[in-house]
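These notes are about the structure you will find just below.
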C-alpha cells in the first residue's frame, strides 16, 4: 500500500498513524536515491513537449520554462538549469501569468489545468518510464507487502483542482498502482514480493 503525507508533518506523527510504515521522502531534499523522483532532479535529456529538438534537465525546468507572463514569454534558458535551485518564475518578477505555451514555438496558450494534462503529467511520466524504472519497480514490489508513505510538500492528488499544486508523489503512486492519470499502466501481478525494502536506505 502506498500513501501520501506532508513532509511538514513530524515523522513520529505519521508513524503513529501508520505503525511500521516506511517513510519515503521524494522531495528535492531527500537524502537517498529517491531524490531522483523530484521534479527538480536534473536527469537531463528530457524532451520538451510539442518542441522538437528541445530537451531539458528536469521536469520543473520545462514547467517553468514554458510559462508565459504579461512581461515575459517562454524561457528556453531555464531548460538548462541543473542546480535544483532558482527554477521558479514568479508573478512578483514577471507579472500576471497568461498560461503555458504549447511548445517553445507554439501559438496556443494552455490554461493551468490543461497544461498539467498536456505538459507536466506527460513529462513526469516520461521520467518515470525512462529515468527511474528501477525505483518504480522496487516501490511496486515493496508496496505489495508493506505500507509506504511518500512524503511530499504538496499532497493534492486531484488533477482538476487548480487551487493547490499537484503532488508529484501522487503521480508516483498513480503510476505504480495504475491509477488515473496513469490508469493505462499495466501492472504485473505475477512476480514475487521483494524482501529488499525493510529499511528506507535500500532505496539508494
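Length gain on complete extension for the stretch residue 90 to residue 133, per 0.36 nm per residue less the alpha carbon to alpha carbon distance?
The residue 90-residue 133 span can extend by a further 12.2 nm.
Rounded to the nearest 500, what is the 222 nm mean residue ellipticity of the chain from helices alone, with -39500 (n - 2.57) per DSSP H run of 4+ residues and division by all residues? Write down the numbers at each step before the final one.
Values: 7 runs with 52 residues, N = 204.
Only helices count here, giving -6500 deg cm²/dmol.
Taking 2.2 N^0.38 Å as the expected size of a compact globular protein, what ratio does the Cα radius of gyration of the range 1-144 give against it, to two decimals?
1.18
Running Debye on the range 46-121 with equal point scatterers at the Cα sites and no solvent, what base-10 log of I(q)/I(0) appears at q = 0.11 Å⁻¹?
Values, matching the q order: -0.23.
Helix 121-130 sits at what angle to the longest principal axis of the chain, using alpha carbons and giving 0 to 90 degrees rounded to 10?
50
Could you give the angle, 0 to 90 degrees to the nearest 10, between helix 168-177's Cα long axis and the longest principal axis of the Cα atoms of the chain?
50
Measuring from label point to label point, each 7 Å out along Cα→Cβ, what is the residue 73 to residue 158 span in nm?
Once both label points are built, they end up 3.6 nm from each other.
No lab work stands behind these numbers, since they all come straight from the coordinates. These numbers were taken from a predicted model, which means no experiment stands behind them. Heads up, the Cβs are rebuilt from the backbone with ideal geometry, glycines too, and the neighbour counts pull from every protein chain shown.
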